[in-house]
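Every number in this text was worked out from the coordinates using simple rules, so none of it is lab data. Predicted model only: the values in this text are computed from it and were never measured. Glycine also receives a Cβ, built like all others from the backbone with ideal geometry; neighbour counts cover every protein chain displayed.
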Amino acid sequence: MDPAHVLITTGGQQAIDLVTKTFVDPGDVVLAEGPSYAGALTTFSTYETDVLHLPMDERGLDVEAVPDILDRLAADRKRVKFLYIVPNFSNPGGTTLSLERRHRLVEISAERELLIVEDNPYGILRYQGEPLPTLFTLDQSENVIYLGSFSKILSPGIRTGWIAAPAPILAKIAFGKQATDLCSSPLNQMFVHEFISSGVWREYVQRLIGIYRSRRDVLLSALADEFPPGSRWTVPEGGFFVWASLSPPVNTTDLLVKAIEENVAFVAGNGFYMDGQGTDSMRLNFSGSPEDRIQEGIRRLGSVIRDQMELYRALGMDG
Ligand SMILES: Cc1ncc(COP(=O)(O)O)c(C=O)c1O
């Protein structure tokens, strides 16, 4: 890729911030997956954006919903600035956008001149299945901005990410970058350069993939053993997260208080929506804990969920 099409940023988070700062005026609409990365939602609300969540299923974003929503918003004279998406092993959903949907989304974006912000910090951490092409490489009409990060394959502390975009878009974003911090730490960039150019990264990433795949498998089998009937969860092909949903009326924000008493934590689902959805769901991380702790954590969580359901039954609230 032509280096003129790449801008180094202070992590992927700054990339989201710079893109939003460049394109959005207060009241503009940003389309986002539902659920969506909470750090992006925080940025979108800082710039007073209206976030509209789009439906998802096990094949990722329901891209066929996009044209209808664009029509509806146009009828209301609302301006959509971009669609934000994490197509690989999404945070928090764990889902991956299918190949067919990737082609269709790029087609829709060209037809409707819809800018897509493709955030892909986890793409290289694939534990099964074939890698899929990025929206950025499928796009022929300069409508995709790609965000990358070294946080998940080297270190989050190195604070190094990047934006790849068509030159006219990147020029605008570069102005914003200068106003924010002039440039990202050259020392950290030299470190990343060495990590990549020496080839060390290949072996390191392979090691991470082996460790994370085993942790994912332990989490999935613990969920099957410990979570009550009626619970559902995603089966991620990579990344860090599983999204689990429980039968109503269990509310995961209430549940978290009880779980913490048992020394186990998750992120309650409604933090990944701007519109109050997600109260029956939770994000579970499997990358950060060894296998025995994952096993024990899910055992405790399963028991807390059963207690909570028992309580609802006793109160006649189980519908
Ligand atoms: C989807 C997604 N995008 C961006 C980021 C930000 O990462 P960083 O700023 O560390 O590169 C994260 C971090 O968790 C993430 O999950």
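Observations
- Basic side chains Lys and Arg get +1 at the Cβ, acidic Asp and Glu get -1 at the Cβ, and with that the dipole of the chain about its Cα centre reaches some 580 debye.
- Cα gyration tensor, the range 68-189 - rounded (a/c under 1.5), prolate or oblate: oblate
- Spatial offset of the range 146-220 relative to the range 1-34 amounts to 15 Å, using the alpha carbon center of each.
- GNM result for the chain, Cα springs below 10 Å: residue of THR180, THR43, THR160 fluctuating most strongly: THR180
- Peptide ranges 166-176, 288-298 listed from the most packed, as the mean C-beta count within 10 angstrom indicates: 288-298, 166-176
- The phi torsions of the range 29-37, fed into the Karplus equation with coefficients 6.51, -1.76 and 1.60 and a -60° offset, translate into couplings of 9, 10, 8, 9, 5, x, x, 9, 3 Hz, rounded to whole numbers, with Gly and Pro shown as x.
- Cα lying deepest toward the dipole's positive end in the range 202-314, options ILE260, GLN308, ALA222, charges on Cβ: ALA222
- Taking every DSSP beta bridge that has both ends in the chain, the antiparallel portion is near 55%.
- For the range 9-97: rounded, prolate or oblate by the Cα gyration tensor [a/c cutoff 1.5]: oblate
- Toward the positive end of the charge dipole of the range 126-195, with +1 on the Cβ of Lys and Arg and -1 on the Cβ of Asp and Glu, the farthest Cα among ALA167, SER185, GLN140 is that of SER185.
- For TYR47, TYR84, the sequence from fewest to most other C-beta atoms within 10 Å is TYR47, TYR84.
- Segment ILE209..ALA4, full-extension length gain: 70.7 nm, with 0.36 nm per residue of separation and the alpha-carbon distance subtracted.
- Helix 167-181 axis, angle to the chain major axis (alpha carbon atoms, nearest 10°): 70 degrees
- ³J(HN,Hα) computed for each position of the range 294-307 - Karplus, 6.51 cos²θ - 1.76 cosθ + 1.60, integer Hz, glycine/proline x: 4, 4, 5, x, 6, 4, 5, 5, x, 5, 4, 5, 4, 4
- By the helix-only formula, in which each DSSP H run with n ≥ 4 contributes -39500 (n - 2.57) and the sum is divided by residues, the chain has a 222 nm mean residue ellipticity of -14000 deg cm²/dmol.
- About its Cα centre, the range 1-84 has a charge dipole of approximately 280 debye under the convention of +1 per Lys or Arg Cβ and -1 per Asp or Glu Cβ, with nothing else charged.
- Integer Hz, Karplus 6.51/-1.76/1.60 couplings in order for the range 115-130, x for Gly and Pro: 6, 10, 9, 9, 9, 10, x, 9, x, 7, 8, 9, 9, 7, x, 8
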